[in-house]
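Read the structure below first, then the notes.
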Amino acid sequence: MRRPPEQADIAIALHGITKRFPGVVANSDVDLTIRRGTVHAIVGENGAGKSTLMKILYGMLKPDEGTITVDGRTATFGSPAAAIAAGIGMVHQHFMLADNLSVLENVVLGGEPRQRGGLDFRAARARIEQISATYGLQVEPDRLVEELGVGERQRVEICKVLYRGARILILDEPTAVLVPQEVDELFGNLRDLKAEGLTILFISHKLDEVLAVADEITVIRRGSTVASVTPHEVTAPQLAELMVGSALPVPELRESTVTDRPVLEVSDLAVTDPDGRHVLSAISFTIHAGEVLGIAGVEGNGQAELVDALMGVRPISSGTVALSGHDITRSSTRSRREAGMAYIPEDRHRQGLLLEASIWENRVLGHQTVAPSARGLLLNRRAARADTQRIVREYDVRTPGIDVVASALSGGNQQKLIVGREMTGRSVALIAAHPTRGVDVGAQAAIWEHMRAARRAGLAVLLVSADLEELIGMSDSLAVILRGRLVARFDPKTVKPEQLGSAMTGAGASAGAGGAV
Amino acid sequence: MSATGTAVCAGTVLRARRQRISPLGYTGIGLAVLAAVSAVRVATGASDLTSSGTVGAALAAAVPIALAGLGGLWSERAGVVNIGLEGQMVLGTLGAGWAGYQYGPWAGVLMGLLLGALGGLVHAVATVTFGVDHIISGVAVNLVAPGLGLFLAKLVFRNAPGGGQKQSPPVRDVRHLTAPYLTSWLGSLERRQWFLVSDLAAVLRGLTFQISTLTIVAVLLLVATFVVLWWTPFGLRLRSCGEAPYAAESLGVNVRRYKYAAVIVSGAMAGLGGAFLAVSSGQFRDGQTGGRGFIGLASMIFGNWRPGGLAMGAGLFGYTDAMQLRGSDAVHALLLLLGIALLVLTVIQARAGRVVLAAVAGVLGAAFVLWFAATDEVPPELVGATPYVVTLLVLALASQRLRMPKADGQIYRKGDGG
């Protein structure tokens, strides 16, 4: 193990931090020592308690037990303001920016320079430009935040933190929303910050990134720190084992099951939003039975609209959609579902479940007109409940019973319930939008296995995901969506994440295995 | 998700972004509008269309609307929908009547402002502290305030000299100011009935002759609101509570405190609007507000949550309201004016590619022109509805792509974000 750090070297030390929520212990007895001027990564799978720990450090939550020491002084943070005053800044996973305010306004908010009672715009602008130049952030103070891309927004967040004089930066899953090129830029920024003597806490579960950028790594599992290592001591598989207690599941398809029978045929699909903007145009693809088509793209490029259009939730302005040879362009969502379209929505809380309804009632959702859920005009409670029992059993939904409300289940179990509900015998096509987002590794492995089973059973699968590893591993072919158009196709066997990243951002020609369509 | 969702639309947003109109441009547009009105005046002979009396009356009618709209602006910029403006206005009329007849008009104004602020405080407690749905709380304020007003009126006004069950004793008006020399010169210009020149003189005279000091206060408040909300740290924090309260919270902004401040100021503005009504009409009367709180809210929304926009909306309403008071002749001429305005809108919307809107505006515009041509007067039953119809039509068809504060109307609970 590494040498024990000198007292003066330590930026932050956490001792015996414990935090309980009703029914769960989010952190128990966490010990963490972070040396000044390093990039310190905290890794752990979803739900391991990383975010809770960071919220404690940032004063958003109070620990039940334990002490926090910052720069050698014991600190108790009652609010983020106290943490900011102690030189700690946080870049949240979901950006904390007001879209309709300018970059300048977002940065200075809460710590505005004043001049005669008013906001001193000139001083603020000068300060931001100076920070931007020092750390290479390329932030333009007078632009509206809503005009900025994801990478730029993140740099605004970093600028915000630096503006407040932070010497310790917490970055919560900063790469989750970035494409590979933007990740490289971010890492460049982080190295600049480190060179200026700042300390960085980098939270992630992407191990290759952690190994690339961190000086030290602390692993959290089930709320406790289980190991502290340096990148030189471990390999990614070893780190994964530390993280989950077993080997990480790998997204991969085995033998090809692709047939030549087209199931889902989309031609020249176009969708216009209420403002008259084209959110999708000239979308054409065919998915055959037993084939998985992966859709890669930076979020907000029309993926959600494509899924909505296929499910009949959003009106189509032109083009056709056919399912098993029948035109369903004008069909209602219900008739599409009855014809065998299965759907895993991207937001299970908003679109997938009634959180306050019981599990068996959620089983009925979307199948309320067909057996076994219904008999004539009435619901068949007994058969629906029996079938829910089957889903709970076969899909390993961990629940005390089928009468508990859906919100009582963990994210992974909710998602398994949805997958089980959608995989009925009638399904011929599956639209899966971000099927493993925010679930633990166990559920992730199970969902991937169910998708493989669906593919084996001859379903045509459309997989939309932001996780490039999942896309490359689970798809038979890949298409890239950019500004509402399919701009490139790749063979997942040969494509590299960087190539996908280039195509996703539209940077340069998408040279390589696939090339433009 | 939400953070990234908008990212890619960046290019489109850039293109769609409205062009800034320079002050000179606004002057030009204003003159063009005046020229059109002047042409209609010459054509129809309805001299009331631009008389200084009309303009003065329009200004007086616009002030309570604008004050209610300012109230809405303060509150909604901080993320609280305040449809209780109407009720807070009623409280303002009551306060002005009660204190006004005893201690003079300015005491009445102050009391109206305070009672309005109290109504705002009630709304703030319900929505910010207890997380009650903003609409429900607002409706409650609107229901309770007139009832309370009537009850208190019976209690305190019935036995007062000149008071009654539904009205207060007379209240003196505040002082009215006239620009010296200027108005008589403008008046002589106005009487010449020259195209455009006389109209311009009439407008200027209307804006400088016998202006209530309260009107001047209202205009100053409009400017002050803009300065405070957009140029000060306080205003930035307040607006951030309406756009992204959890982001503000994460930066140490006490969101609740700013929301409280905003909603209380909102109520005070509405109360001031009510006080203006009571003081300028000489007494408190039951039902005096006549929906002006709602109109103010609407003009604020169509004004895109900005002070300039709401002032324009209020001005339009005030103008048509004044017209309606001037008699059916003026209202008849107004038909032609409205028809022309709608036809101009048709062209603007058609050029922007909004076909449906252009068609609706075109059909309505043609209908109004035909109506004008085919009749000699507007049925008296419809005259009273004119201001509402005109304001709604013009604003609804003209304002598109409105952008409300992002977290407007959402219930904020401390610590729920991220």
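Count the net charge of all other residues whose Cβ sits under 10 Å from the Cβ of residue A:141, scoring Lys and Arg as +1 and Asp and Glu as -1.
-1
Sort A:66-73, B:84-91, B:337-344 by packing, meaning the average of other beta carbons within 10 Å per residue, with the highest value first.
Ranked by mean Cβ neighbours within 10 Å, highest first: B:84-91, B:337-344, A:66-73.
By the scheme Lys and Arg +1, Asp and Glu -1, what is the net charge of all other residues having a beta-carbon under 11 Å from that of residue A:346?
0
For the range A:202-334, what D do you get in µm² per second when you plug the Kirkwood radius from alpha-carbon pairs into Stokes-Einstein at 25 °C and 0.890 mPa s?
Calculated translational D: 131 µm²/s.
Using the scaling law 2.2 N^0.38 Å as the reference, what is the normalised Cα Rg of the range A:7-244?
1.01
Positive end of the charge dipole of the range A:7-244 (Lys, Arg +1 and Asp, Glu -1 on Cβ, about the Cα centre): tell me which of A:21, A:211, A:232 has its Cα farthest that way.
The listed residue farthest towards the positive side: A:21.
Would you be so kind as to identify which of B:123, B:181, B:208 lies farthest towards the positive end of the dipole of chain B, taking Lys and Arg as +1 and Asp and Glu as -1 on Cβ and the Cα centre as origin?
The residue sitting farthest along the positive end of the dipole is B:123.
Could you give the dipole magnitude of chain A about its Cα centre, charging the beta-carbon of Lys and Arg +1 and that of Asp and Glu -1, in debye to the nearest 20?
1240 debye
Rounded to the nearest 500 deg cm²/dmol, what is the calculated helix-only ellipticity per residue at 222 nm for chain B, with -39500 (n - 2.57) per DSSP H run of length n ≥ 4?
The helix-only estimate for chain B comes to -23500 deg cm²/dmol at 222 nm.
Note down the net charge around residue B:318, summing +1 for each Lys or Arg and -1 for each Asp or Glu among other residues with Cβ under 14 Å from its Cβ.
+1
Counting only other chains, what is the mean number of Cβ atoms within 10 angstrom of the Cβ of each residue in peptide A:117-123?
Across A:117-123, the average partner-chain Cβ count within 10 Å equals 3.
Counting only the backbone N, which residues of the range A:465-498 are under 16 Å from the spot 7 Å out from the Cα of residue A:184 toward its beta-carbon?
A:496-498
Express in nm, to one decimal, how much length is gained between residue B:129 and residue B:359 on full extension, taking 0.36 nm for each residue of separation and deducting their alpha carbon distance.
78.1 nm
Restricting to DSSP H runs of at least four residues, report the calculated mean residue ellipticity at 222 nm for chain A, -39500 (n - 2.57) per run over all residues, nearest 500 deg cm²/dmol.
-9000 deg cm²/dmol
Determine the shielding of peptide B:235-245 by partner chains: average, over its residues, the number of Cβ atoms on other chains within 10 angstrom of each Cβ.
Averaged over the peptide's residues, the number is 5.
Could you size up the charge dipole of the protein assembly as shown around its Cα centre, putting +1 on the beta carbon of Lys and Arg and -1 on that of Asp and Glu, and report it in debye to the nearest 20?
1860 debye
Would you please classify the overall shape of chain B from the alpha carbon gyration tensor, given that a ≥ b ≥ c denote the square roots of the eigenvalues, rounded means a/c under 1.5, and beyond that prolate means a/b larger than b/c while oblate covers the rest?
Verdict is oblate for chain B.
What shape does the range B:279-418 have by the C-alpha gyration tensor, where a ≥ b ≥ c are the square roots of the eigenvalues, rounded means a/c under 1.5, and otherwise prolate means a/b greater than b/c and oblate the rest?
Since a/c reaches 1.5 but b/c is at least a/b, the shape of the range B:279-418 is classed as oblate.
Using the alpha-carbon atoms, what tilt in degrees (0 to 90, nearest 10) does helix A:411-422 show relative to the longest principal axis of chain A?
10 degrees
Please report A:343, A:135 as a ranked list, fewest other C-beta atoms within 10 angstrom at the top and most at the bottom.
Fewest-to-most Cβ neighbours within 10 Å comes out as A:135, A:343.
Would you please classify the overall shape of the range A:146-271 from the alpha carbon gyration tensor, given that a ≥ b ≥ c denote the square roots of the eigenvalues, rounded means a/c under 1.5, and beyond that prolate means a/b larger than b/c while oblate covers the rest?
Oblate.
Report the normalised scattering of the protein assembly as shown as log10 I(q)/I(0) at q = 0.06, 0.09 Å⁻¹, calculated by the Debye formula with identical scatterers on the alpha carbons.
Scattering profile of the protein assembly as shown, log10 relative to I(0): -0.55, -1.10.
Any chance you could check the Cα centroid distance between the range A:123-173 and the range A:267-315 for me, in angstrom?
Taking the Cα centre of each part, the range A:123-173 and the range A:267-315 sit 34 Å apart.
Please name which of A:424, A:139, A:244 has its Cα lying farthest along the dipole of chain A towards the positive end, using unit charges on Cβ (Lys, Arg +1; Asp, Glu -1) and the Cα centre as origin.
A:424
Can you spot the aspartates and glutamates whose alpha carbon is less than 12 Å from residue B:166's alpha carbon? Ignore those fewer than 8 places along the same chain.
Of all the aspartates and glutamates, those that pass the test against residue B:166 - Cα under 12 Å, at least 8 places apart if same chain - are B:286.
Normalise the Cα radius of gyration of chain A by 2.2 N^0.38 Å (N = residues in it) and let me know the number.
Taking N as the residue count of chain A, the ratio is 1.05.
Pairs of lysine in chain A with Cα under 16 Å and at least 8 positions apart or on different chains: total?
Taking chain A as the scope, the lysine pair count is 5.
Throughout, read-outs are computed from the coordinates displayed, never taken from laboratory work. Please read all numbers here as calculations on a predicted model, not as lab measurements. Heads up, the Cβs are rebuilt from the backbone with ideal geometry, glycines too, and the neighbour counts pull from every protein chain shown.
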